[in-house]
Amino acid sequence: MARQAFWKGYLKLSLVTASVSLTPATTESSKVRFHVLNRATKNRVESRYVDSVTHKPVAEKDQVKGYPRGEDDYVLLEDEEIEEVGLESTRTIDIDSFVPRGSIDWIWYDKPHFLAPEDKVGTEAFCVIREAMRANDVVGIARLVLYRRERAVLLEPLGKGIVLWTLRYGDEVREPAAELDMKAKVDSDLLTLMKKLVKEETKEWDPSMVQDPVQKRLKALIRGKEKSLKKAAPARKPAPVKSTGNVINIMDALKKSLAAEGGRGKSR
């Protein structure tokens, strides 16, 4: 089943343009997710924004973003003002520069996406751009609005397509810790034994090596609870009251009851 593209636009290099689509290369669709419920009613619990002082709900129209500049002091910014300083969402991946492949450290890489031509007309242009990058052993750098944020992206040829990586911002990447730069003298005999051990434990890569054991156990737990719910005997419904076939008028019944009570009073 073909994956549904979540972004469509154009790949552009100088005057060469190709219609393309983006699909996330990773997914969390199989991840176990839970809803928060009211234990008594089994109804879902809703989250609402409330005032931190009055504890009263705040309507969406009254919510505004604020940048803290001191204790209980904020600079208020409207959504329109924030959008104005962002990159215009032109739906175009305009490659403005190239860098040698492998020159960007792994720590800058964020999320991978598959970039593919959207129609036959753009396929030739797409392939020319891909093969030109591959021939020069370079990757392309561009900017794009994704996930409601302006992002720097890297385009890397892969097989018959191109992988588009969103890159982390400069202030998100920390300098290497001092521990990583530690220099220690390594015993040659110890290194020989360790290299032998590493070689013996080396295997072919298999995706099963990075399966999430917690998710696996959670799914097993849920399946077990589902089975126990199916085995549990259904609650017995109360037996229907059998009708005598005689329909008694309420007014007549009350009159008879009052008459009977009156008779008892006279006898007393």
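What to note about this one:
- Some residue of the stretch 129-140 being open to solvent by 80 Å² or more (accessible area, probe 1.4 Å), free of Cβ contacts under 8 Å to residues at least 12 places away in the same chain and not basic (Lys, Arg): yes
- In the condition set (1) touching a Leu at 6+ places or on another chain (Cβ under 8 Å); (2) part of a loop (DSSP other than H, G, I, E, B); (3) open to solvent by 100 Å² or more (accessible area, probe 1.4 Å), Tyr67 is compliant with all but (2).
- Subset of the stretch 171-224 [of a type in the set (S, T, N, Q), more than 29 Å from the chain's Cα centre (by Cα) and part of a helix (DSSP H, G or I)]: Ser188, Thr192
- Apart from one condition, Met209 fits all of (1) surrounded by 10 or more Cβ atoms within 10 Å (Cβ to Cβ); (2) modelled with pLDDT under 85; the exception is (1).
- In the stretch 107-123, the residues that are surrounded by fewer than 16 Cβ atoms within 10 Å (Cβ to Cβ), closer than 13 Å to Ile162 by Cα and of a type in the set (Phe, Trp, Tyr): none
- Some residue of the stretch 39-56 being within 30 Å of Lys12 (Cβ to Cβ) and open to solvent by less than 100 Å² (accessible area, probe 1.4 Å): no
- For first residues located in the stretch 22-49 and free of Cβ contacts under 8 Å to residues at least 24 places away in the same chain, partners that are of a type in the set (Lys, Arg) and lie 6+ apart or on another chain with Cβ distances below 9 Å form the pairs Thr27/Arg3; His35/Arg44; Val36/Arg44; Leu37/Arg44; Asn38/Arg44.
- Checking Ile104 against (1) hydrophobic (A, V, I, L, M, F, W, C); (2) under 20 Å from Val20 (Cα atoms); (3) crowded, with 16+ Cβ neighbours inside 10 Å; (4) touching a residue at least 40 places away in the same chain (Cβ under 8 Å), the condition it does not meet: (2)
- Considering (1) in contact with a Ser or Thr (Cβ under 9 Å, 6 or more places away or on another chain); (2) open to solvent by 40 Å² or more (accessible area, probe 1.4 Å); (3) of a type in the set (Phe, Trp, Tyr), the lone condition that Phe126 does not fulfil carries the number (2).
- Residues of the stretch 39-57 classified as in contact with a strand residue (DSSP E or B) (Cβ under 8 Å, 6 or more places away or on another chain) and of a type in the set (S, T, N, Q), total: 1
The values are calculated or read from the model by the stated rules, or taken from the named source; none is laboratory data. Source: prediction; values computed, not measured. Backbone-built Cβ (ideal geometry, glycine too); neighbour counts: all protein chains shown. Ligands, DNA and RNA are stripped out before the accessible areas are found, and what is left, the full protein with its side chains, is counted by its heavy atoms. Shrake-Rupley method; radii C 1.70, N 1.55, O 1.52, S 1.80 Å.
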